[in-house]
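Peer 1: A single structure is presented below for examination.
The values are calculated or read from the model by the stated rules, or taken from the named source; none is laboratory data. Just so we're clear, the structure is a prediction, and the values are computed from it rather than from any experiment. Cβ coordinates were reconstructed from backbone atoms using ideal geometry, including for glycine residues, and neighbour counts include every protein chain displayed.
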Amino acid sequence: MHGGNTAKSHVLRALSMPRMAAERGPDDQPAQVPIKGLRNLFGPASPEQLFTANDRMASPFEVPQSVRILMRRLAFAMNTSPGWSDILPGAVRSDENPSLPSGYTYLLQLMAHDLVESALSLASTDGSRFGFSNARRLPLGLETIYGGGPHLCPYAYEISAEHMRAPGLIPRTRFRLGRIDAPGAIMPDTDCSPFRDLGRGRPIGTSDEALLTPPKGADGSSRPFPLTEAFVADPRNDDHAIISQLTVLFQSFHNRIESLLKAAQDKLQDGVGKPAEPDNLAYLRFTCAQLAIVHVYRGIIVNDVLRRIMHPRVFAYYAAAHFEPADSLGGVALEFTHGAFRFGHAMVRQSYLVNNDTQQPLGRALEQSSQRSASFLPVSNRWIVDWRRFFPEPDQKVPAYNLSHRIRPRYATVLGDEALFPRLDAAVDAAGLACRDLVSSCYAGLWSVPMLFGELRRGPLRDLLPDFTDWHGPLRGWLEDSTSRAAEKLTDEDIGDLIADPPMPFFILLEAALTDERAVVSRSGEGGGRHLGPLGSIIVGETILGALRDNPIGFEDAGPALDLRLRKLGSDLIGDPGVLEPLAALRTMPDVVRFLGSSGGVAAGDPG
Amino acid sequence: MAVDRVMITEEVTWGKLVKSWATGENYMGPGTTAPSVPKTLQELKDQCAAFGVGLQLPDNITGLAVMQYSEETLALRLPPKSLIKKSEQNFKDNPGAAYPIPQFYDTFYGHAMPGGKDPMILHACRVGDYVVRNCY
C-alpha cells in the first residue's frame, strides 16, 4: 500500500490503522468487510466477481501502484476523449444534451446526498473502510434538506415570533434563509438584499482563535468576518453555489407550503369555540409540509429524473414492472455510489447562464462554500440562480437556458483543476476528479463489469443488455484513439486489461456515449450521450427504485396517485382535504419552478 | 463558444506547462515527460488538450510566437493597439462593471478583489505591469 502526501490523507490513514487486523481473514488474506448501508448489487459479490483490473489486484483492499498508474493513464486518455461528430436536435453545440438541462446535473448531486450520508472518500483513505458507512436513515426522504427536523437540526430552521414566545413548546416550522451579497439588488421599500442564500453566520463569543479579532487584508485593513457556518442539515449541500441554491429552492418550497397550511389552519380556527393548541398546529403544519414535498419529490424522481437519465428501453421495462426492482436487498449498491452515479460529473459544464445571458465560469461557484472559502459569502448576485435557466419548460425560448454536457468519458476542464482537486498521491496520481473517481472505484469492491453483464444476462433483465464481447471492439477503438493524444499513453498491456476488465465509472460513461436508442452498441456515437446505457440504467434504476420501495413514507397507503395522497394528508393533518391541491399537478422540476415562480419567487429579481 | 480574448481554465496546469517550456524540466507530474516548446498553434492546442488545460482562442488568432528573453534583455511585449482601445471602450460602455481579474487571485488571497475604483486606472497599471514584469 502506498500513501498520498496530503496531510488529510495521513490523518485519515492514521485513523484507519485499527481496521487492518479486522479486515484480514483467518488465512491472513484480505477479507470483505461489510459496509453499513452499502453493499454490492444483488448481494455480496464473490472475490472472482470483483473488479481486479484483469487480475492486477488481489482484492479491493490492496490496490497496487500499477493499478493507480493505470487509472492515471486512463484519466489522461479521458482528457483527450474524441468530440461528438453530430449536434443533437434542439442543441446549438455538439457537446450539449437537450434531454438533460443542467438543473438535473445538480438535482442528481442532491439525490446522491439524499441516498448516502458519508463524510469519507475511499480514494483519500487508500481504501480504508474504517468509519466508512452510509448513515442515511430514510433514503430519498429529503433528509438531506430536513435533517432530523427542527429538534435535531434547529440551526436550519427560522426562529419565528411564535416560537420565540414558547421556544420549548412551539417548534420552528420554516427554513432559515440568508440575504445574498448583492448591493444592487435591493428589495422594494427596504434597504436589504433578498433572502436567496442559505442561512449563514459566524460564531460570536466562542473560542475560535481565528475569529476573535477581525481578519486583516493584505494592506493591514480590517476585513469582514467570514461566514464560516452554513445553517443546513447536510453540509455537502454547501459544496458550491449551485447546490446551495438548489437547497434554497427546496427550502423556499417548504416555506411556501408552510405558509399555505398556516393560512388554512387560521381559517379553520376562525370562529371555533375552543381553538387547537398552537404547538399542535405547528407540528401538524411542519409534518404536513414535509410529507407533501417528499411525495412531490419522489414523484419527480420517477416521472422526471429516471425517465430522462435511463435508457428508454430500460425505463420501459421497469415501468411495465410497476417500477419494482429485481434486487430484493436493502441498502445502496456500491456499483451505484462508486460506479454508475458518477456519470453526473460528465454532465458538468465549464460555465453557466445563471440569471442573465452572460456566461459565469463554474470555478467561481466552486469557491462559494462556508467550509472552504467563507470569505466569499454570502453568495453573490452573479450566482443567484434563475431556475428557469436550469429547468426550462418544454419548447422554452426565453430565457436562454443551460444544457448539460452529453455523457461520455470526459469531464469539463474545471474538474481537472489541480487547485480544487489535487493529486491524492503526488507520486502516482493525476490531478482532477476523473482520476479520483477511477481510484475510488478500485477500492470500493465493485462488480467487474463483464461479470455483472454475465450475471444480468442470466436473469430477468437479460434482454436489455448485449453480450459483453460486443464491447471489445468499441473499447479498443476508444482507448487507442484517445490515448494517442494523451500526455501519458496507455501501453498495449494496459489497453488489453482495460478491455477485459474496465473500471465501472469509465465504462458507464462510454456505454452512455456509444449505445443507440435500440440499446445496440454503436461505434460512431452518433446520437449518443443523451442518457445512460443499459448497464448504467439498470444499476441506477435498481438502486433508486429499491430505495423508494424499501423506505415508504406516510400516506403512501392512500393510493398510488399523488392527488390521493395529498388529499388524505390535508384531511388528516390540517382538516382540509383540498389544501394541498395546488401541488397535485407538480410532476417535473419545471412544474415546481413554475409553481414557485408564480407564488413563491425563485427567479432572479423576484421579491423575497 | 466564441471568445474575445484568450481564455485559460485550469490555470495551475497551464502555469506548469509554461514553467516546463521555460526550464526544460518536467513540472507536469508523474508519468509524463517534459513537454517541448510548441512550434505551432496546433502543437500548443494539442499539448493543452493532453494535459487537460482548457484553452479557448479568439477566432482571429491564427499564428503563434514564442519568445524567451535573456536576463540581459529588457523585453517589452506590447499589446496590439486595437485590443487596448477595445478594452477602454468596454469600460466606458459598462460603467460599474467588475474589472476582470483572474479567479486564482481571489482563490489565493481568500477573498474577492474589491472593486469600486476607476477601472481605467487599474487597466493602465495592469498593462504597464504586464509589459515590463514578464513574470518568472
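Peer 1: Using the structure shown, decide if B:Ala75 is within 14 Å of another protein chain (Cβ to nearest Cβ) and part of a loop (DSSP other than H, G, I, E, B).
Peer 2: Taking the combined requirement at face value, the residue does not satisfy it.
Peer 1: Of these, A:Gly217, A:Gly205, A:Gly201, which one is of a type outside the set (A, V, I, L, M) and within 27 Å of the chain's Cα centre (by Cα)? Give the derivation first.
Peer 2: Working: A:Gly217 fails: within 27 Å of the chain's Cα centre (by Cα); A:Gly205 fails: within 27 Å of the chain's Cα centre (by Cα).
Going through A:Gly217, A:Gly205, A:Gly201 in turn, just one is of a type outside the set (A, V, I, L, M) and within 27 Å of the chain's Cα centre (by Cα): A:Gly201.
Peer 1: Does A:Ser85 qualify as being within 29 Å of B:Cys48 (Cβ to Cβ), in a loop (DSSP other than H, G, I, E, B) and within 14 Å of chain B (Cβ to nearest Cβ)?
Peer 2: no
Peer 1: Please determine whether any residue of the range A:282-295 is of a type in the set (Gly, Ala, Ser), under 24 Å from A:Arg530 (Cα atoms) and more than 25 Å from the chain's Cα centre (by Cα).
Peer 2: For the range A:282-295, residues of a type in the set (Gly, Ala, Ser), under 24 Å from A:Arg530 (Cα atoms) and more than 25 Å from the chain's Cα centre (by Cα): absent.
Peer 1: Hey, among the residues in the range B:6-43 that are in contact with a strand residue (DSSP E or B) (Cβ under 9 Å, 6 or more places away or on another chain) and more than 21 Å from A:Ala430 (Cβ to Cβ), which one's surrounded by the most Cβ atoms within 10 Å (Cβ to Cβ)?
Peer 2: Checking each candidate, the answer is B:Met7.
Peer 1: Also, I was wondering about something else. Given the structure, is A:Thr483 more than 28 Å from the chain's Cα centre (by Cα), within 14 Å of another protein chain (Cβ to nearest Cβ) and of a type in the set (Ser, Thr, Tyr)?
Peer 2: yes
Peer 1: With the condition kept exactly as written, say whether any residue in the range A:468-479 is acidic (Asp, Glu), in contact (Cβ under 8 Å) with a residue 60 or more places away in the chain and part of a helix (DSSP H, G or I). If you could, list the steps in order and put the result at the bottom.
Peer 2: Taking the range A:468-479 first, the residues acidic (Asp, Glu) are A:470.
If we keep only those that are in contact (Cβ under 8 Å) with a residue 60 or more places away in the chain too, we end up with none.
There is no residue in the range A:468-479 that is acidic (Asp, Glu), in contact (Cβ under 8 Å) with a residue 60 or more places away in the chain and part of a helix (DSSP H, G or I).
Peer 1: Among the residues of the range A:18-74, which ones are of a type in the set (Lys, Arg), modelled with pLDDT of 55 or more and part of a helix (DSSP H, G or I)? So that I can check it myself, show each step before the final result.
Peer 2: In the first step, residues of the range A:18-74 are kept if they are of a type in the set (Lys, Arg); the result is A:19, A:24, A:36, A:39, A:56, A:68, A:72-73.
Add one more test, that the residue is modelled with pLDDT of 55 or more, and what stays is A:36, A:39, A:56, A:68, A:72-73.
Selection gives A:Arg68, A:Arg72, A:Arg73.
Peer 1: Let me ask something else. Do we find that A:Val428 is among the aliphatic types (A, V, I, L, M) and in a helix (DSSP H, G or I) in this structure?
Peer 2: So A:Val428 fails the test.
Peer 1: Kindly evaluate A:Phe376 against the criterion of being closer than 25 Å to A:Asp114 by Cβ and either buried (at least 20 other Cβ atoms within 10 Å of the Cβ) or under 16 Å from the mean Cα position of the chain (by Cα) (or both).
Peer 2: Spelling it out, it is not the case that A:Phe376 is closer than 25 Å to A:Asp114 by Cβ and either buried (at least 20 other Cβ atoms within 10 Å of the Cβ) or under 16 Å from the mean Cα position of the chain (by Cα) (or both).
Peer 1: Could you say whether any residue in the range A:333-343 is charged (D, E, K, R), closer than 19 Å to A:Leu107 by Cβ and within 14 Å of chain B (Cβ to nearest Cβ)?
Peer 2: Scanning the range A:333-343 turns up no residue that is charged (D, E, K, R), closer than 19 Å to A:Leu107 by Cβ and within 14 Å of chain B (Cβ to nearest Cβ).
Peer 1: Here is a follow-up. Within the bounds of the range A:94-111, is there any residue that is in contact with a strand residue (DSSP E or B) (Cβ under 7 Å, 6 or more places away or on another chain), within 14 Å of chain B (Cβ to nearest Cβ), within 21 Å of A:Gly344 (Cβ to Cβ) and outside any helix (DSSP H, G or I)?
Peer 2: Yes, some residue in the range A:94-111 is in contact with a strand residue (DSSP E or B) (Cβ under 7 Å, 6 or more places away or on another chain), within 14 Å of chain B (Cβ to nearest Cβ), within 21 Å of A:Gly344 (Cβ to Cβ) and outside any helix (DSSP H, G or I).
Peer 1: I would also like to ask the following. Which one of these is exposed (fewer than 14 other Cβ atoms within 10 Å of the Cβ) and more than 15 Å from A:Leu291 (Cβ to Cβ): A:Pro560, A:Pro590, A:Pro582, A:Pro552? Let's see the steps before the verdict.
Peer 2: On the way: A:Pro590 fails: exposed (fewer than 14 other Cβ atoms within 10 Å of the Cβ); A:Pro582 fails: exposed (fewer than 14 other Cβ atoms within 10 Å of the Cβ); A:Pro552 fails: more than 15 Å from A:Leu291 (Cβ to Cβ).
Just one listed residue meets the conditions, A:Pro560.
Peer 1: Within the range A:280-393, considering only helices (runs of 4 or more DSSP H) that don't extend past its boundaries, which have at least 2 residues that are in contact with a Gly (Cβ under 9 Å, 6 or more places away or on another chain)?
Peer 2: A:312-320
Peer 1: Tally the residues that are within 17 Å of A:Leu284 (Cα to Cα), assigned to a helix (DSSP H, G or I) and hydroxyl-bearing (Ser, Thr, Tyr), restricting the search to the range A:146-172.
Peer 2: Final tally of qualifying residues: 1.
Peer 1: Which residues, counting only those in the range A:494-543, are touching a residue at least 24 places away in the same chain (Cβ under 8 Å) and among the charged types (D, E, K, R)?
Peer 2: Matches in the range A:494-543: A:Asp494, A:Asp497, A:Asp501, A:Glu511, A:Glu517, A:Arg518, A:Arg523, A:Glu526, A:Arg530, A:Glu542.
Peer 1: When the range A:203-231 is examined, which residues are found to be in contact (Cβ under 8 Å) with a residue 60 or more places away in the chain and away from chain B (no Cβ under 14 Å)?
Peer 2: A:Glu229, A:Ala230, A:Phe231
Peer 1: Any chance the range A:382-400 includes a residue that's over 18 Å from the mean Cα position of the chain (by Cα), surrounded by 23 or more Cβ atoms within 10 Å (Cβ to Cβ) and β-branched (Val, Ile, Thr)?
Peer 2: yes
Peer 1: Of (1) part of a helix (DSSP H, G or I); (2) at the interface with another protein chain (Cβ under 10 Å from one of its Cβ atoms), B:Ala112 satisfies all except one. Which?
Peer 2: B:Ala112 satisfies all of (1) part of a helix (DSSP H, G or I); (2) at the interface with another protein chain (Cβ under 10 Å from one of its Cβ atoms) except (1).
Peer 1: Return yes or no: is A:Leu452 in contact with an Asp or Glu (Cβ under 9 Å, 6 or more places away or on another chain), away from every other protein chain (no Cβ under 14 Å) and buried (at least 24 other Cβ atoms within 10 Å of the Cβ)?
Peer 2: yes
Peer 1: Could you tell me whether A:Phe42 is closer than 30 Å to A:Arg137 by Cβ, surrounded by 21 or more Cβ atoms within 10 Å (Cβ to Cβ) and more than 14 Å from every other protein chain (Cβ to nearest Cβ)?
Peer 2: no
Peer 1: Applying the selection to the range B:43-65, what residues are within 8 Å of chain A (Cβ to nearest Cβ) and either more than 24 Å from A:Arg410 (Cβ to Cβ) or touching a Phe, Trp or Tyr at 6+ places or on another chain (Cβ under 6 Å) (or both)?
Peer 2: Matches in the range B:43-65: B:Val53 only.
Peer 1: Quick check, is A:Leu281 free of Cβ contacts under 8 Å to residues at least 24 places away in the same chain, crowded, with 19+ Cβ neighbours inside 10 Å and more than 15 Å from A:Thr588 (Cα to Cα)?
Peer 2: Yes.
Peer 1: Still on this structure, please answer the following. Can you tell me which residues in the range A:371-424 are closer than 20 Å to B:Met113 by Cα, hydroxyl-bearing (Ser, Thr, Tyr) and away from chain B (no Cβ under 13 Å)?
Peer 2: none
Peer 1: Would you tally the residues in the range B:1-42 being farther than 24 Å from A:Ser94 by Cβ and more than 12 Å from chain A (Cβ to nearest Cβ)?
Peer 2: So the count comes out to 12.
Peer 1: When you look at A:Ser440, is it in contact with a Leu (Cβ under 7 Å, 6 or more places away or on another chain) and part of a strand (DSSP E or B), yes or no?
Peer 2: no
Peer 1: Would you please name the residue that is surrounded by the most Cβ atoms within 10 Å (Cβ to Cβ), looking only at residues in the range A:466-490 that are of a type in the set (D, E, K, R) and out of contact with any Asp or Glu (no Cβ under 8 Å at 6 or more places or on another chain)?
Peer 2: As a first pass, look at the range A:466-490 and keep what is of a type in the set (D, E, K, R): A:467, A:470, A:476, A:480-481, A:485, A:488-489.
Within this subset, residues satisfying the condition of being out of contact with any Asp or Glu (no Cβ under 8 Å at 6 or more places or on another chain) are A:467, A:470, A:476, A:480-481, A:488-489.
Values: A:Asp467: 12, A:Asp470: 13, A:Arg476: 14, A:Glu480: 14, A:Asp481: 13, A:Glu488: 21, A:Lys489: 17.
Once the filter is applied, the top-ranked residue is A:Glu488.
Peer 1: Would you be able to say whether some residue in the range A:547-559 is closer than 30 Å to B:Ala50 by Cβ and aromatic (Phe, Trp, Tyr)? Don't jump to the end; show me each part of the working.
Peer 2: Going through the range A:547-559, the residues closer than 30 Å to B:Ala50 by Cβ turn out to be none.
Within the range A:547-559, not a single residue is closer than 30 Å to B:Ala50 by Cβ and aromatic (Phe, Trp, Tyr).
Conditions (1) touching a helix residue (DSSP H, G or I) at 6+ places or on another chain (Cβ under 7 Å); (2) exposed (fewer than 10 other Cβ atoms within 10 Å of the Cβ); (3) under 21 Å from A:Met78 (Cβ atoms), marked per residue:
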| position | (1), (2), (3) |
| --- | --- |
| B:Asp46 | no, no, yes |
| B:Ala49 | yes, no, yes |
| B:Ser70 | no, yes, no |
| B:Asn94 | no, no, no |
